[in-house]
Amino acid sequence: MPPARRPLAETPADPPGTFAYPDILVARSAEQPKGARTRAQIQAAACAVLDRKGPSDLTVAAICAEAGISNGTFYIYFADRTLLLEELLIGFGGFVLDMLRSASAARTEAPMRAANSAYYELFRHNRGLMRCLVHHLDGYPEAQAAFHRLNRDWIETVVAAAMRRLQRAGWGGEIGHDELMRRAYALGGMVDQYLASLLLSGDPALVAVSQDREAVLDTLTLIWERGMEI
């Protein structure tokens, strides 16, 4: 008898706050002066609004209502909502990269699966921010440039690891660095689209075949590993 599927909502819980960027922001500010705590509170409130709505609906009024502050307090810390969102996305992009690197470094026997697991949880715990990174960066040039740099850094990390693995297997250099970079960018885009459809937009057909989290990670890891082979 095949093992019972584990619905997405019933997968084993990760440590609270590990992947949720607003929780990280609030925790980091806990021992800081009141101004830093209020700033983090505003950012966390913006994340909560983004989880429910798109960036076009991220109004100052909605953020302040979520944070329980006045509009005047908001403007003490941010000139407008665009600058707030720009700062959030730049910080979150760095957080994503750190989490992927930490996950893969902690599981040297299966670094790509560990990175895929972390990325899955980042999507699951940061729906609004991930939606912005995947779909809505055109209006935020500084965040877009920062995300492109971070994405390149991660892709280069993946390619370097693939080249080391291929060399250990006796690779003769038939495939160049640029080809591996192109593959990694293409694979990353595929994974982004898959997880966005599964965890953000909830495509019914995809959700129906993706209830088992471990099976999803098997698929994503297989795609990466096969795609980076000779």
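The values are calculated or read from the model by the stated rules, or taken from the named source; none is laboratory data. Computed from a predicted structure; not experimentally measured. For neighbour counting, all protein chains shown are included, and Cβ atoms are generated from backbone atoms with ideal geometry for every residue, glycine included.
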Qualifying residue in the stretch 138-149 (condition: basic (Lys, Arg) and either on the phi > 0 side of the Ramachandran plot or in contact (Cβ under 8 Å) with a residue 40 or more places away in the chain (or both)): no
Whichever residue in the stretch 17-36 is more than 24 Å from the chain's Cα centre (by Cα) and not small (Gly, Ala, Ser) and, among such residues, is nearest to Ile63 (Cα to Cα): Lys34
Qualifying residue in the stretch 160-170 (condition: part of a helix (DSSP H, G or I), in contact with a Leu (Cβ under 8 Å, 6 or more places away or on another chain) and either touching a residue at least 60 places away in the same chain (Cβ under 8 Å) or surrounded by 15 or more Cβ atoms within 10 Å (Cβ to Cβ) (or both)): yes
Met99 vs. criteria at pLDDT 90 or above and in contact with an Asp or Glu (Cβ under 7 Å, 6 or more places away or on another chain): no
Of residues in the stretch 54-84 being among the charged types (D, E, K, R) and assigned to a helix (DSSP H, G or I), the one modelled with the highest pLDDT: Glu66
Qualifying residues in the stretch 171-215 (those that are assigned to a loop (DSSP other than H, G, I, E, B) and among the β-branched types (Val, Ile, Thr)) - the one modelled with the highest pLDDT: Val209
Output for the stretch 184-230, where each listed residue is within 14 Å of Tyr119 (Cβ to Cβ), surrounded by fewer than 15 Cβ atoms within 10 Å (Cβ to Cβ) and not polar (S, T, N, Q): Gly189, Met190
Unmet criterion (only one of (1) within 28 Å of Ala160 (Cα to Cα); (2) more than 17 Å from the chain's Cα centre (by Cα); (3) of a type in the set (Asp, Glu); (4) in a helix (DSSP H, G or I)) for Glu109: (4)
Single match in Glu109, Glu142, Glu86 (criterion: of a type in the set (Asp, Glu) and either touching a Gly at 6+ places or on another chain (Cβ under 8 Å) or crowded, with 19+ Cβ neighbours inside 10 Å (or both)): Glu86
Answer residue from the stretch 1-53, given it is at pLDDT 80 or above and not in a helix (DSSP H, G or I) and is farthest from His125 (Cα to Cα) among those: Pro33
Pairs where the first residue, in the stretch 62-74, is buried (at least 17 other Cβ atoms within 10 Å of the Cβ) and the second is part of a helix (DSSP H, G or I) and among the basic types (Lys, Arg), C-beta under 8 Å, 6+ apart: Ile63/Arg81
